[in-house]
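Enquirer: Please see the structure below; I have some questions.
The values are calculated or read from the model by the stated rules, or taken from the named source; none is laboratory data. Everything numeric here is computed off the predicted structure, so don't read it as measured data. Positions of Cβ are backbone-derived with ideal geometry, glycine not excepted, and every protein chain shown enters the neighbour counts.
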Amino acid sequence: MNTKLFRAGDPDAAARAAAILRAGGLVAIPTETVYGLGANGLDEAAVARIFEAKGRPQDNPLILHIAEPARLTDICRDIPGAAWELARRFWPGPLTMVLPCRDTVPRRTTAGLDTVAVRCPRTAVTREIIRLAGVPVAAPSANLSGKPSTTTAEHVLHDLDGKIEAVVDDGPCQVGVESTIVDMTGPVPRLLRPGGLAPELLEAVLGRLEVDPAVTAPVAADAVVRAPGMKYRHYAPQGQVLIVPGSREKAAAYIRRHFAPGDAVLCFQEELPLYDGCNPTAYGREDDAETLARGLFAALRELDRADISTIFARCPAGGGVGYAVRNRLRKAAGFRIVPEDEL
Ligand code: AMP
Ligand code: MG
């Protein structure tokens, strides 16, 4: 298949993308978080093609994207007041809510669950595409399963060229990490995945927010978890990522002691001078977590090479979107972190 490239600025890009979606095709769409691999979320056969193109495990459900918060009632039922409040404050934006699902949503989209994850993205061309398609658009991140998410159209083509009908290019994503997922089906809202929306902002509105154990620790492959996606190896380049915590000086000393030819360093811009000769890649500024979020997946992709064995990685402390960056890096590392007493 010849994958078409549409520019978001082209006057007919949204209409052409929507026509493909209506016909059961796959279109990679830009969002403020990462690029999504879109299909008609109500069409089982189209949804099946998403799983096939990505190599995604069948038990990992998809997020449905809507153009307007009001469309929530088309796909969800028993929507609590708190969910409407979150929608009012944070949509369109990098927040996904898990809610009880209506029968109109195929079980293939929800991987057999009776709940569904929903988000209203911010990117103008994508909201227009969804509006014109006239259906909720199922869209997981537009990468091969297990690989870092895609934040440019070039990344998407690298993974999916020839497997999907089209990509809509809107340049690099503004946020750079996926949405924050909150489960609104229980008595207390639960954070299933940190992401582009700071958990502090959610907590301020909700009062209480539980954090799912899968956010902070590895999950066994046979475990039953609330967000099935959390149990899979994810975001990982071919080499082994190893997180090196601690102060700038201690971390640099540790890395310089253990660095071998063929290794690489993923660090903050401020640290570059410390890693002369250690093949360093900076992914953003330590004093600005938003730059780290924007740069993380592109940097992991650059380092995804067979000739790199260990990637020593520096991880931000603190909250906001830094919390999501930390979560993605820990997952990329398979939770391998140098113990403080070895520094
Ligand atoms: P992706 O779109 O690739 O970023 O992955 C979507 C994430 O949403 C995965 O981690 C899924 O497990 C999670 N997800 C989707 N639907 C549900 C649901 N109904 N309940 C819990 N988690 C969900
Ligand atoms: Mg993904």
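Enquirer: Picking from A23, A19, A48, A82, which residue would you name as being closer than 23 Å to L206 by Cα and either under 16 Å from the mean Cα position of the chain (by Cα) or more than 14 Å from ligand 1 (Cβ to nearest atom) (or both)? If you could, list the steps in order and put the result at the bottom.
Expert: On the way: A23 fails: closer than 23 Å to L206 by Cα; A19 fails: closer than 23 Å to L206 by Cα; A48 fails: closer than 23 Å to L206 by Cα.
Going through A23, A19, A48, A82 in turn, the sole match is A82.
Enquirer: In the range 288-328, how many residues are buried (at least 20 other Cβ atoms within 10 Å of the Cβ), in contact with a strand residue (DSSP E or B) (Cβ under 6 Å, 6 or more places away or on another chain) and touching a residue at least 40 places away in the same chain (Cβ under 8 Å)?
Expert: The total comes to 6.
Enquirer: Quick one: how many residues across the range 148-164 are within 16 Å of ligand 1 (Cβ to nearest atom) and either within 23 Å of G334 (Cα to Cα) or not in a loop (DSSP other than H, G, I, E, B) (or both)?
Expert: 8
Enquirer: In the range 254-274, which residue that is free of Cβ contacts under 8 Å to residues at least 40 places away in the same chain and more than 21 Å from E290 (Cα to Cα) is surrounded by the most Cβ atoms within 10 Å (Cβ to Cβ)? Give the steps one after another, and end with the answer.
Expert: Pass one, the range 254-274, residues free of Cβ contacts under 8 Å to residues at least 40 places away in the same chain: 256-257, 261, 269-270, 272-274.
Those still in the list that are more than 21 Å from E290 (Cα to Cα) too: 256-257, 261, 273-274.
Values: R256: 15, R257: 8, P261: 6, P273: 8, L274: 19.
This residue is L274.
Enquirer: Can you tell me which residue in the range 97-123 is nearest to ligand 2 (Cβ to nearest atom), limited to those that are free of Cβ contacts under 8 Å to residues at least 40 places away in the same chain and out of contact with any strand residue (DSSP E or B) (no Cβ under 7 Å at 6 or more places or on another chain)? I'd like the intermediate steps shown before the answer.
Expert: Taking the range 97-123 first, the residues free of Cβ contacts under 8 Å to residues at least 40 places away in the same chain are 101-103, 107, 114.
Okay, now just the ones that are also out of contact with any strand residue (DSSP E or B) (no Cβ under 7 Å at 6 or more places or on another chain), so 103, 107.
Details: D103: 26, R107: 20 Å.
For the range 97-123, the residue satisfying everything is R107.
Enquirer: Let me ask something else about it. Return the residues of the range 147-164 that are among the charged types (D, E, K, R), modelled with pLDDT of 95 or more and buried (at least 21 other Cβ atoms within 10 Å of the Cβ); say none if nothing qualifies.
Expert: Within the range 147-164, the first condition is being among the charged types (D, E, K, R), and the residues that meet it are 147, 154, 159, 161, 163.
Adding the requirement that they be modelled with pLDDT of 95 or more leaves 154, 159, 161, 163.
Of everything in the range 147-164, just one residue is among the charged types (D, E, K, R), modelled with pLDDT of 95 or more and buried (at least 21 other Cβ atoms within 10 Å of the Cβ), namely D159.
Enquirer: Can you work out which of the residues in the range 94-147 that are in a loop (DSSP other than H, G, I, E, B) and among the charged types (D, E, K, R) is nearest to ligand 1 (Cβ to nearest atom)? Break it down stepwise before answering.
Expert: If we filter the range 94-147 for residues that are in a loop (DSSP other than H, G, I, E, B), which is where we start, we get 94, 102-114, 120-123, 134-136, 139-140, 142-147.
Filter once more, so that each one left must be among the charged types (D, E, K, R): 102-103, 107-108, 114, 122, 147.
Values: R102: 13, D103: 15, R107: 11, R108: 12, D114: 8, R122: 16, K147: 11 Å.
By that ranking, first place goes to D114.
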